[in-house]
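In what follows, a structure is listed as structure tokens, so that the remarks can point back to it.
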Amino acid sequence: MWGRNVYDSISKFLQFQLTVNVVAVIVAFTGACITQDSPLKAVQMLWVNLIMDTFASLALATEPPTEALLLRKPYGRNKPLISRTMMKNILGHAVYQLTIIFTLLFAGEPGGPGERKGKEKG
């Protein structure tokens, strides 16, 4: 029961981390190529990884096993850690997140959040 719970937790953690990292890398690279300035600076990327690693590992490490885990067949030794279903989920969630982020980044408020509104004095 504990072995199956650990395997499931590792799978969930990998799916979450790969999704977050794929999105962060694509946003940083594409934003840098298009706007000539990365939307996520190096320190911000480190914070994103630190927060995502900490909260995801805490959430998955504290999930107790259930009796329902024993009703399912065990996975074989040769089963890949990242299955086709996981890959589809990772890519699907990444596309969804990228759509929202790029919509906010490129079709958001004109002028950006740090620029002054109105006419310049002087």
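The values are calculated or read from the model by the stated rules, or taken from the named source; none is laboratory data. As the structure is a prediction and not an experimental result, all values here were calculated from the model. Every residue, glycine as well, gets a Cβ built from its backbone with ideal geometry; the counts of neighbours run over all protein chains shown. Keep in mind that these areas ignore ligands, DNA and RNA; they rest on the heavy atoms of the full protein, side chains included. Shrake-Rupley method; radii C 1.70, N 1.55, O 1.52, S 1.80 Å.
The set of residues in the stretch 60-72 that are assigned to a helix (DSSP H, G or I) and more than 17 Å from ASN21 (Cβ to Cβ) comprises ALA61, GLU67, ALA68, LEU69, LEU70, LEU71.
Suppose the filter is in contact with a helix residue (DSSP H, G or I) (Cβ under 8 Å, 6 or more places away or on another chain) and surrounded by 12 or more Cβ atoms within 10 Å (Cβ to Cβ); does ALA61 pass it? No, not satisfied. Among residues of the stretch 13-35 that are assigned to a helix (DSSP H, G or I), those with a Cβ under 8 angstrom from a residue that is acidic (Asp, Glu), sequence gap 6+ or separate chain, pair up as GLN17/ASP53; GLY31/ASP37. Could you tell me which residue of the stretch 1-33 is nearest to TRP47 (Cα to Cα), considering only residues that are charged (D, E, K, R) and open to solvent by less than 60 Å² (accessible area, probe 1.4 Å)? The extreme case among them is ASP8.
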